[in-house]
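All remarks here apply to the structure that follows.
The values are calculated or read from the model by the stated rules, or taken from the named source; none is laboratory data. Worth saying up front: this structure is predicted, and the values here are computed from it rather than measured. Here the Cβ is made from the backbone with ideal geometry for all residues, glycine too, and neighbour counts use every protein chain on show.
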Amino acid sequence: MRRAVIIGAGMAGMLSARASADFVDEVIIIEPDDLPDAPRPRKGLPQARHIHSLVAGGTDAMQSLLPGILQHWLDAGAHRHELTAGIVALSPEGWYRRWQPDGHFIITASRDLLDWVVREHVLAHDRIRVFGGRKVTALHGSDRQITGVLHRPAHGPDDPQRLDADLVIDTSGRASRATAWLADLGIDTIPHRTLDTGLTYATRLFHAPAGAEHIPVFNIMAQPRASIGQSAVIAPIENGLWMATLGGIKGSEPTRNAADFIPFALGLRHPLIGQLLYGLEPVSDVTLTRSTGNRRHYYEKARTWPDGLIVLGDAIATFNPVYGQGMSVAALGARALHQELHKSGSLTAGLARRVQRAAATSVEAAWAPATTQDIHYNTAHGQKPSVPERLLGRFTSRLSYTATGSQFMADAVTDVTSMRAASTRLLAPAVLRAAAAGPKLQPLSGPPLTASEQRLLTPLEEINGQPA
């Protein structure tokens with residue numbers, strides 16, 4: 001019997017399970033948590049309480065593995081926002097215009113809902129099972145071939161049990177111990193990089209105003225080059241709620257104090273988010289996280305790599321959540337796994353190495369823009385970008401500036417940020433000419449709101465007139 005073992009039952013784990021199920025006789029997912037049977041939080045996914053978005057390229061990858069998943073999300077209460085019409089955003093270079101849709105979109109919902117719908121699809125497969133309440137403690141095998149894992153109860157002193165496998169896929173996220181396990185096998189030459197800005201995120205849920213459950217995404221971005229590290233986002237989620245997330249670098253970060261939440265939003269370089277939230281009824285406490293650093297392991301560059309082991313999702317790389325590409329990177333990695341299995345038809349020699357290298361492509365597509373922006377915060381620490389990476393950061397800023405007044409450039413940038421096109425799309429001659437010319441239209445002086453959206457704002461005069 002051919003068996004695949006998946007370490008971790010998050011988004012990457014579930015998608016990897018489905019990607020491999022057609023090519024083995026059994027897939028076993030090992031997960032420390034007991035998985036909820038509804039869209040509810042679980043201990044092993046603390047970042048789920050903050051805003052999550054899924055770009056079109058990631059959705060495409062999931063649809064290829066789970067046909068119909070997009071409609072199931074929407075039926076469950078998720079929101080689809082066409083780009084760029086469905087977003088109101090103040091970028092570091094100015095307000096983006098809401099151009100007519102060009103086929104790209106983002107999906108917003110709670111992470112709990114997104115995960116639950118995927119779990120329902122994946123676990124309906126008769127070859128996939130979950131071992132809940134279990135924890136993998138080591139790999140079994142050698143530096144040439146992984147033949148299984150050792151696992152034990154997540155809470156308890158029981159001796160580990162061996163589970164044989166033809167394929168082991170580590171999707172255990174930020175807590176992954178893959179580098180330590182590989183070192184135990186003599187593979188300790190995995191290059192890695194980190195870049196941490198010290199950002200703190202604070203999130204709170206609010207009841208949407210009557211009739212305003214379906215709004216665009218509102219986003220006041222930080223300005224890394226000016227070391228202005230404060231930001232805020234509002235996104236509609238299921239059950240008539242708005243989710244609001246604030247961000248700030250050390251020294252200007254949001255707090256856990258509920259009384260500080262809206263004043264922080266009002267104090268940004270534009271008060272839009274605060275004006276939208278002012279007077280709304282909160283339905284949660286403020287949730288805080290400081291786990292926002294960029295971290296990457298270059299498994300694809302290891303000098304030796306054992307057959308039978310693949311690392312995907314956040315276990316390869318984590319990104320500053322503000323860029324909203326983590327789930328999409330996980331989905332693209334799972335699709336790469338499925339494509340390589342389909343090409344091979346089975347678990348052939350060298351498969352793991354090929355998948356690891358293919359997955360690195362989508363990781364790099366998210367890593368480069370995130371780190372070339374984050375490095376400019378005065379609080380950033382870690383390995384510094386190279387000269388080419390710094391030049392890429394300046395080039396990216398020029399593209400963004402041009403996109404504020406050019407639909408052609410906005411569409412080109414969206415092709416890449418939606419992860420439907422490679423970054424080389426931005427080196428096309430027509431794009432370079434547009435970047436050299438700059439925006440065709442004058443900058444917007446304020447947010448491009450419709451009349452109905454304008455009515456959602458509490459006037460600053462009213463806010464300032466309230467007693468302290």
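A few points about this structure:
- Screening P236, P224 for residues that are in contact with a helix residue (DSSP H, G or I) (Cβ under 7 Å, 6 or more places away or on another chain), surrounded by 18 or more Cβ atoms within 10 Å (Cβ to Cβ) and more than 14 Å from A265 (Cβ to Cβ) leaves exactly one candidate, P224.
- Applying the set (1) surrounded by 14 or more Cβ atoms within 10 Å (Cβ to Cβ); (2) touching an Asp or Glu at 6+ places or on another chain (Cβ under 9 Å); (3) more than 26 Å from G251 (Cβ to Cβ); (4) not basic (K, R) to P443 leaves exactly one unmet item: (1).
- Selected residue (only one of R256, R225, R269 is in contact with an Asp or Glu (Cβ under 9 Å, 6 or more places away or on another chain), among the charged types (D, E, K, R) and more than 18 Å from H207 (Cβ to Cβ)): R256
- Residue satisfying condition, being of a type outside the set (G, A, S) and in contact with a strand residue (DSSP E or B) (Cβ under 9 Å, 6 or more places away or on another chain), within set Q356, Q373: Q356
- Counting only strands (runs of 3 or more DSSP E) that sit completely within segment 114-218, those holding 1 or more residues that are more than 19 Å from the chain's Cα centre (by Cα) and within 30 Å of P321 (Cβ to Cβ) correspond to 128-132, 134-141, 146-153, 167-170, 192-196, 200-207.
- Filter result for L35 (closer than 23 Å to S20 by Cα and in contact with a His (Cβ under 6 Å, 6 or more places away or on another chain)): no
- A349 meets each of the listed conditions (1) part of a helix (DSSP H, G or I); (2) among the hydrophobic types (A, V, I, L, M, F, W, C); (3) surrounded by fewer than 16 Cβ atoms within 10 Å (Cβ to Cβ); (4) touching a residue at least 40 places away in the same chain (Cβ under 8 Å) apart from (1).
- When segment 319-346 is filtered for residues that are out of contact with any His (no Cβ under 9 Å at 6 or more places or on another chain), part of a loop (DSSP other than H, G, I, E, B), of a type outside the set (S, T, N, Q) and closer than 17 Å to S53 by Cα, only F319 remains.
- Exclusive hit being farther than 30 Å from L268 by Cα, surrounded by fewer than 17 Cβ atoms within 10 Å (Cβ to Cβ) and modelled with pLDDT of 95 or more, set D143, D164: D164
- In segment 277-301, the residues that are touching a helix residue (DSSP H, G or I) at 6+ places or on another chain (Cβ under 8 Å), under 20 Å from E364 (Cα atoms) and assigned to a loop (DSSP other than H, G, I, E, B): T292, Y298
- For segment 179-211, the candidate set comprises residues that are of a type in the set (A, V, I, L, M) and surrounded by fewer than 22 Cβ atoms within 10 Å (Cβ to Cβ); within that set, the residue that is modelled with the lowest pLDDT is A210.
- Spans of strands (runs of 3 or more DSSP E) in segment 2-98 with at least 2 residues in contact with an Asp or Glu (Cβ under 8 Å, 6 or more places away or on another chain) and of a type in the set (D, E, K, R): none
- Segment 413-441, residues that are out of contact with any Lys or Arg (no Cβ under 6 Å at 6 or more places or on another chain), within 24 Å of L54 (Cα to Cα) and assigned to a helix (DSSP H, G or I): V413, T414, T417, S423, T424, R425, L426
- Within segment 444-468, residues that are under 12 Å from R97 (Cα atoms) and assigned to a loop (DSSP other than H, G, I, E, B) sit with their Cβ atoms under 9 Å from residues that are among the acidic types (D, E) and at pLDDT 95 or above, at 6+ positions apart or across chains, in these pairs: P447/E453.
- So I51, is it hydrophobic (A, V, I, L, M, F, W, C), more than 23 Å from A17 (Cα to Cα), in contact with a strand residue (DSSP E or B) (Cβ under 6 Å, 6 or more places away or on another chain) and modelled with pLDDT under 95: yes
- Per-region count, segment 404-422, residues touching a Pro at 6+ places or on another chain (Cβ under 9 Å) and over 16 Å from L392 (Cα atoms): 4
- Residue count for segment 235-264 under the criterion of being under 17 Å from I87 (Cβ atoms) and out of contact with any Ser or Thr (no Cβ under 8 Å at 6 or more places or on another chain): the result is 1.
- Among the residues of segment 95-116, not one is β-branched (V, I, T) and surrounded by fewer than 21 Cβ atoms within 10 Å (Cβ to Cβ).
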